Amino acid sequence: MMRKYLEQSRIQDFSSLDYAQRRYEVEKYRNIELLRLRKAKSKNYKQQKKNYNKTIDYIHLTFDERKKIVFEIAKKISKSVNLRLFAECIDKIHFDPNRAVKSIDEQAFEQLVTRFESYLKIYSKIANSKQYGLLIHDNNQTVAKRHTELMKKFHKGGTLWTHISNIIETPLFVDSQLTSMVQMADLCGYALRRYVENNETDLFDLVFERGDRKNGKCVGIRHFSDANCQCKICQAH
């Protein structure tokens, strides 16, 4: 949704067309382009077809309209005071797998599980009753198996920093296309990545408001980077 579709810019007066006509014109352009690539036996055919399939739901919207939708959702997240955001942003340049004795994926998952568990324990004290949490994960067969095994390990022996008593079960894996909350988490992940990689602040400043905080510090979100990093995440952590 957050990138421009070249074919829209090549359709005359695209923004003045109604939704049905926009969709018709884009699909016609794409079909012609796919036919051209297939006839030319181009290596780009499969990738282009994949790209088209991923964006098919949004081709009736202009870039500005799609961008407006994303920002409206981000504003809703920003104002939802009961939401807490947990994230681990790892700069691969500064990550030493030999020193960590685990992969980037494993470290990130362990960090998230630890922070979520810590939050639930604190929340339990405030509520004066034990509060439980569940991890809901975008479905990916390779990741599902690995994270399920990791979670079983954490339940048995804890993470490096805490034992697990408030997070129940192993992660529940769902199709993100059908689950709005996972899509909202994707939006937050996108905003964080665009900030740490491209210093884009518009979306980031909105979702960063929901980072879990303790004593004025943002403890829910960490940027694993150079010790001298002066980004907003590192300054607030």
(message) Quick one: 3J(HN,Hα) in Hz for the range 164-169, Karplus 6.51/-1.76/1.60 with θ = phi - 60°, rounded, Gly and Pro as x.
(response) 9, 9, 10, 8, 8, 6
(request) Could you work out the relative contact order of the range 77-236, using alpha carbon pairs under 8 angstrom and six or more residues apart, expressed as a whole percent? (result) 35 percent
(request) Please give the helix 104-127 orientation as an angle from the longest Cα principal axis of the chain, in degrees from 0 to 90, rounded to the nearest 10. (result) 60 degrees
(message) Give me, ordered by chain and number, the residues 5 or more places off Ile90 or on other chains with an amide H under 5 Å from its own placed amide H.
(response) Phe224
(request) Search the structure for amide H atoms under 5 Å from the amide H of Ile167, placed 1.01 Å from N in the peptide plane, and list their residues when 5 or more places away or on another chain. (result) Gly133
(message) What do you get for the angle between helix 141-157 and the principal long axis of the chain? Use alpha-carbon atoms, 0 to 90 degrees, nearest ten.
(response) 10 degrees
(request) With an 8 Å cut-off on Cα pairs and a minimum separation of 6 or more residues, tell me the relative contact order of the range 162-235 in percent. (result) 14 percent
(message) Largest first and in whole Å, what are the equivalent-ellipsoid semi-axes of the chain based on the Cα gyration tensor, each being the root of 5 times an eigenvalue?
(response) 39, 21, 19
(message) Students often forget the sequence filter, so: which aspartates and glutamates lie under 16 Å Cα-Cα from Lys76 once same-chain residues fewer than 8 apart are removed?
(response) Asp186, Asp202, Asp205, Glu209
(message) Restricting the calculation to Cα positions, tell me the Rg (one decimal) and the Dmax (whole number) of the range 6-61 in Å.
(response) 11.8, 35
(message) Using the Cα centre of the chain as the reference point, and only Cβ charges (+1 on K/R, -1 on D/E), how large is the resulting charge dipole? Debye, rounded to the nearest 20.
(response) 480 debye
(request) Please report the relative contact order for the range 131-191, taking Cα pairs under 8 Å with a sequence separation of at least 6, and give it as a percent rounded to a whole number. (result) 48 percent
(message) At 222 nm, what value in deg cm²/dmol follows for the chain if DSSP H runs of at least 4 each add -39500 (n - 2.57) and the sum is divided by all its residues, to the nearest 500?
(response) -17000 deg cm²/dmol
(request) Please turn the phi angles of the range 174-185 into ³J(HN,Hα) values with the Karplus equation 6.51 cos²θ - 1.76 cosθ + 1.60 (θ = phi - 60°), one per residue in order, whole Hz, x for glycine and proline. (result) 10, 7, 4, 5, 9, 10, 5, 5, 5, 5, 5, 5
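Read-outs: derived from the displayed coordinates by stated rules, not from any lab. Treat the numbers as computed from the prediction; the structure is a model and nothing was measured. So basically every Cβ, Gly included, is an ideal-geometry build from the backbone, and we count neighbours across all protein chains shown.
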